[in-house]
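Novice: Input: one structure, supplied below.
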Amino acid sequence: MIKPEEQIEQIAKAVSAQPISSSNDKKKLIMQKRARELASVTDEKADSKDTIEIVEFTLSKEIYGIEAKYVKEIYIFNHIRKIPGTPDFMPGVINYHGKIISIIDLKKLLGLDPSSGETLAKEKGLILFWNETELAIMIDSVVGIKASEINDISRGFSHNKNSQENFISAITNEHTIILDAPRIVSDQRITINIS
């Protein structure tokens, strides 16, 4: 099987091997240029490191993200059931397709100003899934899904157990703060044991 870059190179050679006539010179040069450009795009993709998909959303007018592999669904909370005695960052639980799952107010969990950001009639959120556990997180709005190259992501934050930095896994070159979904989902303060 011929690789795409080899195929493009063969096309470029075939075009350059054609007899030159004054009317074909311009067409030939254009075709060669296009073939080289296509080959360079393919080479860039082959040389680039892996990418990760990030679901981007807003919180307090800042853009945050979570790796898409941990996001099960974008969800609108119709009815939140409050649970007495839960931490202030946990407004309650929801019935999600027959399962009771916890909801986390990310602004409160991360120590952000809860009054900043969008005010919505219906609360939006993401349903996260990790290690057979589902969790809902409240967000202001969804920005979209973006593929980011691993080279464009800065990692290596020190994790302070009592700090919101504990949940930050990386920051992209565009300043999107990527949250660590497994850390959020597995945080012991969030788990509700029904025995």
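Novice: Testing D113 on (1) of a type in the set (D, E, K, R); (2) at pLDDT 85 or above; (3) in contact with a Ser or Thr (Cβ under 6 Å, 6 or more places away or on another chain), one condition comes back false. Which one is that?
Specialist: Just one mismatch for D113, condition (2).
Each row is one residue, and each column tells you yes or no for (1) surrounded by 19 or more Cβ atoms within 10 Å (Cβ to Cβ); (2) more than 20 Å from F129 (Cα to Cα).
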position: E62; (1), (2): no, yes
position: I76; (1), (2): no, no
position: I80; (1), (2): no, no
position: G85; (1), (2): no, yes
position: P91; (1), (2): yes, no
position: H97; (1), (2): no, no
position: S102; (1), (2): yes, no
position: D105; (1), (2): yes, no
position: G111; (1), (2): no, yes
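Novice: Within the range 69-80, does at least one residue satisfy the condition of being closer than 17 Å to D180 by Cβ, modelled with pLDDT of 90 or more, in contact with a Lys or Arg (Cβ under 9 Å, 6 or more places away or on another chain) and not acidic (D, E)?
Specialist: Scanning the range 69-80, I find no residue that is closer than 17 Å to D180 by Cβ, modelled with pLDDT of 90 or more, in contact with a Lys or Arg (Cβ under 9 Å, 6 or more places away or on another chain) and not acidic (D, E), so the answer is no.
Novice: Can we say K72 is in contact (Cβ under 8 Å) with a residue 60 or more places away in the chain and touching an Asp or Glu at 6+ places or on another chain (Cβ under 9 Å)?
Specialist: yes
For every residue, the table says whether it meets (1) crowded, with 18+ Cβ neighbours inside 10 Å; (2) among the aromatic types (F, W, Y); (3) within 16 Å of F89 (Cα to Cα); (4) at pLDDT below 85.
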{"position": "A121", "(1), (2), (3), (4)": "no, no, no, yes"}
{"position": "I145", "(1), (2), (3), (4)": "no, no, no, no"}
{"position": "N162", "(1), (2), (3), (4)": "no, no, yes, yes"}
{"position": "I171", "(1), (2), (3), (4)": "no, no, no, no"}
{"position": "V185", "(1), (2), (3), (4)": "yes, no, yes, no"}
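The values are calculated or read from the model by the stated rules, or taken from the named source; none is laboratory data. Not measured: the values here are computed from a predicted model. We place every Cβ from the backbone using ideal geometry, glycine too, and count neighbours over all the protein chains shown.
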